[in-house]
Every structure is written in C-alpha cells, then in structure tokens.
C-alpha cells in the first residue's frame, strides 16, 4: 500500500468516526425535540392486542424498556389482550429498570 492510499484510508476512518459522533448528537436532539413537543409526561395512546415490548421498541428504540410504559400505567403484564382497548401513557423519558417492573404497595 502506498503512502497516498494510507492517507486516504486514515482520512476516511476519521470521517467515519466523526459521522458516528454526529449520529449520537442527532439522536439526542431528536429525544429533546420529543420532550419539547410532548412535555415530560409524554403522550396518551389507545391500543388493542399489542405488546409493550413493541411499543417500547417503537417509542424508545429498545424493547427492554417496556417497563417504563408498564410502570407509568400500573401494569405488570406486557401484553394488552385482543378485544380490550386500553389507554396507555407513554412517558417521554424512558427509565431503564432492566426489564423488571416496579411493584408499588398501597
């Protein structure tokens, strides 16, 4: 490999690195825009025959964050059955509980 080819490869690698950094910034900006548009509390949706795994993947990009939706709605079962229209609050900010719902007493 010649020196000019090595320089081109190094330049391309630096450009790729910068693009990954830019992608991270854009993702954070997108999350901030959602917070501004919807407010901290999030939004309310009506669902039927859907799993909270799917909703978490759709709204947070991570299916394991289904517990954020479950906790906000006082639910423990990630499946909303068919024939049962349910209104859910989708918090704008996802809390990561590692896929474990928070049990509250009272």
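A quick yes/no check of all residues on (1) exposed (fewer than 10 other Cβ atoms within 10 Å of the Cβ); (2) in a loop (DSSP other than H, G, I, E, B); (3) over 13 Å from the mean Cα position of the chain (by Cα); (4) modelled with pLDDT of 85 or more:
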residue	(1), (2), (3), (4)
1	yes, yes, yes, no
14	no, no, yes, yes
18	no, no, yes, yes
37	yes, no, yes, no
40	yes, yes, yes, no
59	no, no, no, yes
82	yes, yes, yes, yes
95	no, yes, no, no
104	yes, yes, yes, no
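What is the number of the single condition among (1) surrounded by fewer than 10 Cβ atoms within 10 Å (Cβ to Cβ); (2) touching a strand residue (DSSP E or B) at 6+ places or on another chain (Cβ under 8 Å) that residue 72 does not meet? Going through the list (1) surrounded by fewer than 10 Cβ atoms within 10 Å (Cβ to Cβ); (2) touching a strand residue (DSSP E or B) at 6+ places or on another chain (Cβ under 8 Å), residue 72 breaks only (1).
Within the bounds of segment 22-33, is there any residue that is over 17 Å from residue 86 (Cβ atoms), at pLDDT 90 or above and loosely packed, with under 12 Cβ neighbours inside 10 Å? So far as segment 22-33 goes, yes, one or more of its residues are over 17 Å from residue 86 (Cβ atoms), at pLDDT 90 or above and loosely packed, with under 12 Cβ neighbours inside 10 Å.
The values are calculated or read from the model by the stated rules, or taken from the named source; none is laboratory data. Computed from a predicted structure; not experimentally measured. FYI the Cβ positions are ideal-geometry reconstructions off the backbone, even for glycines, and counts take in every protein chain you see.
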